[in-house]
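The values are calculated or read from the model by the stated rules, or taken from the named source; none is laboratory data. All values reported here derive from a predicted model rather than from experimental measurement. Cβ sites come from the backbone with ideal geometry, for glycine too, and all protein chains shown count toward neighbours. Side chains are part of the model used for accessible areas, which takes the heavy atoms of the whole protein and leaves out ligands, DNA and RNA. Shrake-Rupley method; radii C 1.70, N 1.55, O 1.52, S 1.80 Å.
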Amino acid sequence: MPAPDWLRKRRERDASADDASLWQKCPKCSEMLYRKDIVANLWVCSRCGYHFRMHAYDRINTLVDGDFVEIGTDILPGDPLGWTDKRPYPQKLERDREKSKLSEAVVTGFATLDGFPVALGVMDFNFRGGTMGTVVGERITNLLEEARRRRLPCIIFTASGGARMEEGMLALMQMAKTTLAVERFKDEGNLYIAVLTDPTTGGVSASFAFAADLIVAEARAAIGFAGRRVIEQTIRQKLPENFQTAEFLLEKGHVDMVLDRRELRPALVRLLDYAVDRKRLATPLKAVPEFAIQ
Amino acid sequence: MNLIVEREKSLSELETRLAQLHERGIGGDEMRALETKVQELRQDFFGKLTPWERVNMARHPKRPLASDYLGALEAFDELHGDRHFRDDPALVGGFAKLRGHNVMVLSQQKGRDTKENIRRNFGMVSPEGYRKASRLMELAARFHLPIVTFVDTSGADPGIGSEERAQSEAISGCLMTLTHVGVPVVASIVGEGGSGGALAIALADHVIMAENAVYSVASPEGCAAILWGDSARAPEAAEHLKLTSNDLLGFGIVDEIVPEPLGGAHHDAAAFIGRVFDAIERALERLALLPPADLLDTRYRKYRRIGSWREDSPVRAGGLA
Ligand SMILES: [Zn+2]
């Protein structure tokens, strides 16, 4: 399947985004997998079902009907605390930009899913461990406000190690900001679906992720508040293997459903169909001039 | 050992010696010199605290705890439980009278001794504590009572049970409740403000912070462990985190600082608590003038602008402006 226009344009800019290596080893079952097969199988190991972490743009590409109109690309990180540890924070950002081909840890925009116009946010663990700094907070808040204005349903894929330490309390406050935006969005009868992917923890799970109307977890994703190591250090014992997995959360009653990635798109479409009146939705994406693809 | 306690010890040794000299009738130059030295030392120790020293001050074993604030209220009727699982002793809340105002009070409660600390889980709140808080906030909103919170926690409980009972959802739920309650919310960071577990009851229209309290995205020890794999470098991490009241006032994250006496709030706890109540009272009286819709709008805009990012190249600072 040829890449859609929006993605091709990005890839031209980021020539190395297409990984050159032909084979990849499954970290779970050690099977050597042909890279093209992994991609065709939505980054899931065909032998054992292991879910590889996905690049945000790949995730979007596998979900949307065709076009994706990105917003928030002009919101970029600064260095509010003048942070330096082993290296200065701006250097870390630069390295992650190169490594991930992303400008920050979340991509936000508009698309259609089986004809449903939706606002879509996708976090990416490759950029600063998906941590929420002020840019992630601002982009998520913007997305929710724009979706609210258009009365569109909003789907956010989370992947995060929590709040971004290098932005200190300004990062923590994004929990408040995004939650306020979620509340306003939901209060007007709009649907918000969170899809929790591996891993979703800390300040993201404890703010806008668990504030969703519907919470879907991707199979085997690690999801929790405290990190596994922190808990093990606190209680001084090893945790069971399934602790804080999507399946564990389902059993405990924290999420609506756990889905294999290959079942995710049709399930999201079904959920939209139950909760959203297609006819009520705003005009199709292309008719919104301010969101014409740049 | 707490850094501040160590200093207090060495100071009190000098003071004891001074008292002994006084008793033996030794006066004159020697006496005066020692007196001056004690004064200088006290100023030196407590006059200008580093971030790490403030962390120690916030954790000082004699620092006023939430119970001291609750004890200073004209009336307090504790309301227990989340109606689902249990009553969390780390989160204490209920109806209260503060300077004649009927309010709903919520607080994070550390223990004064080991036994009480174990009962109160060192002030680390579990999901049922946050659910109790949400319940009481909703109750307050129904009966038009302002919400007054006292924050003092090293963080939300990170145990197995808390994960099993959805700590994330409980904190998120508390935040969601605070986004929509149409009554004034006034939060006071009086000791440790440990990350999301503290913020859960501190999303507020007016945030007061005690001068030597700390409020941080991560504990200095945790931060040092992540950055350098060495929690002993916590003092350095504390410098990085910008967790002092002055830093946070500058960012627009806290609205007001209540100064502490030299040596910390525990040197004159009653007067200090009174000054915190003064600040709360002023905020309550100001916020009472706003209709609920304006209150919620102002709350939204207050947090909406906190942050700092670039738009393409020029720096646009939200909270830094
Ligand atoms: Zn495999």
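Brief remarks on what is shown
- Scope segment B:230-251; condition in a loop (DSSP other than H, G, I, E, B) and facing chain A (nearest Cβ under 9 Å); matching residues: B:LYS242, B:LEU243
- Pair list, Cβ under 7 Å, 6 or more apart: segment A:220-237 residue touching a residue at least 60 places away in the same chain (Cβ under 8 Å), other residue open to solvent by less than 100 Å² (accessible area, probe 1.4 Å) and assigned to a loop (DSSP other than H, G, I, E, B): A:GLY227/A:THR201
- Qualifying residue in segment A:22-41 (condition: closer than 22 Å to A:VAL182 by Cα and in contact (Cβ under 8 Å) with a residue 40 or more places away in the chain): no
- Within segment B:261-290, being farther than 18 Å from B:ASN102 by Cα and outside any helix (DSSP H, G or I) holds for B:PRO261, B:LEU262, B:GLY263, B:GLY264.
Okay, residues lined up against (1) among the hydrophobic types (A, V, I, L, M, F, W, C); (2) farther than 30 Å from B:GLY222 by Cβ; (3) out of contact with any helix residue (DSSP H, G or I) (no Cβ under 6 Å at 6 or more places or on another chain):
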| position | (1), (2), (3) |
| --- | --- |
| B:ARG7 | no, no, no |
| B:GLN20 | no, yes, yes |
| B:GLU23 | no, yes, yes |
| B:GLY27 | no, yes, yes |
| B:LYS37 | no, yes, yes |
| B:PHE46 | yes, no, yes |
| B:VAL55 | yes, no, no |
| B:ARG59 | no, no, yes |
| B:ARG63 | no, no, no |
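- Considering only residues in segment B:155-184 that are surrounded by fewer than 24 Cβ atoms within 10 Å (Cβ to Cβ) and away from chain A (no Cβ under 11 Å), the one that is nearest to B:LEU65 (Cα to Cα) turns out to be B:VAL183.
- Members of segment B:215-229 that are more than 10 Å from chain A (Cβ to nearest Cβ) and touching a helix residue (DSSP H, G or I) at 6+ places or on another chain (Cβ under 6 Å): B:PRO220, B:GLU221
- Qualifying residue in segment A:172-193 (condition: within 30 Å of A:GLY49 (Cβ to Cβ), in the same structural domain as A:GLY133 (by TED's automatic domain parsing) and out of contact with any Leu (no Cβ under 9 Å at 6 or more places or on another chain)): no
- Test: B:ASP268 is open to solvent by 60 Å² or more (accessible area, probe 1.4 Å), more than 14 Å from chain A (Cβ to nearest Cβ) and within 27 Å of B:HIS144 (Cα to Cα): no
- Considering segment B:128-173, and only residues there that are free of Cβ contacts under 8 Å to residues at least 12 places away in the same chain and of a type in the set (Ser, Thr, Tyr), the residue that is farthest from B:LEU296 (Cα to Cα) turns out to be B:SER168.
- Residues within segment A:44-101 that are charged (D, E, K, R) and either within 16 Å of the ligand (Cβ to nearest atom) or within 16 Å of the chain's Cα centre (by Cα) (or both), tallied: 6
- Screening segment A:145-161 for residues that are under 17 Å from A:MET123 (Cβ atoms) and without any contact (Cβ under 8 Å) to a residue 60 or more places away in the chain and picking the one that is surrounded by the most Cβ atoms within 10 Å (Cβ to Cβ) gives A:THR158.
- Yes/no for B:LEU98 being modelled with pLDDT of 95 or more, touching a Lys or Arg at 6+ places or on another chain (Cβ under 8 Å) and crowded, with 17+ Cβ neighbours inside 10 Å: no
Conditions (1) at pLDDT below 95; (2) open to solvent by less than 80 Å² (accessible area, probe 1.4 Å); (3) on the phi < 0 side of the Ramachandran plot, marked per residue:
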| residue | (1), (2), (3) |
| --- | --- |
| A:GLN237 | yes, no, yes |
| A:VAL255 | no, yes, yes |
| A:GLU263 | no, no, yes |
| A:VAL276 | yes, yes, yes |
| A:LEU281 | yes, yes, yes |
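- Of all residues in segment A:23-38, those being more than 7 Å from the ligand (Cβ to nearest atom) and of a type in the set (Asp, Glu) number 1.
- Residue within segment A:60-67 that is assigned to a helix (DSSP H, G or I), in the same structural domain as A:LEU268 (by TED's automatic domain parsing) and touching a strand residue (DSSP E or B) at 6+ places or on another chain (Cβ under 6 Å) present: yes
- Restricting attention to segment A:91-108, the residues being of a type in the set (Val, Ile, Thr) and open to solvent by 60 Å² or more (accessible area, probe 1.4 Å) number 0.
- Exclusive hit being of a type outside the set (S, T, N, Q) and in a loop (DSSP other than H, G, I, E, B), set A:LEU76, A:LEU81: A:LEU81
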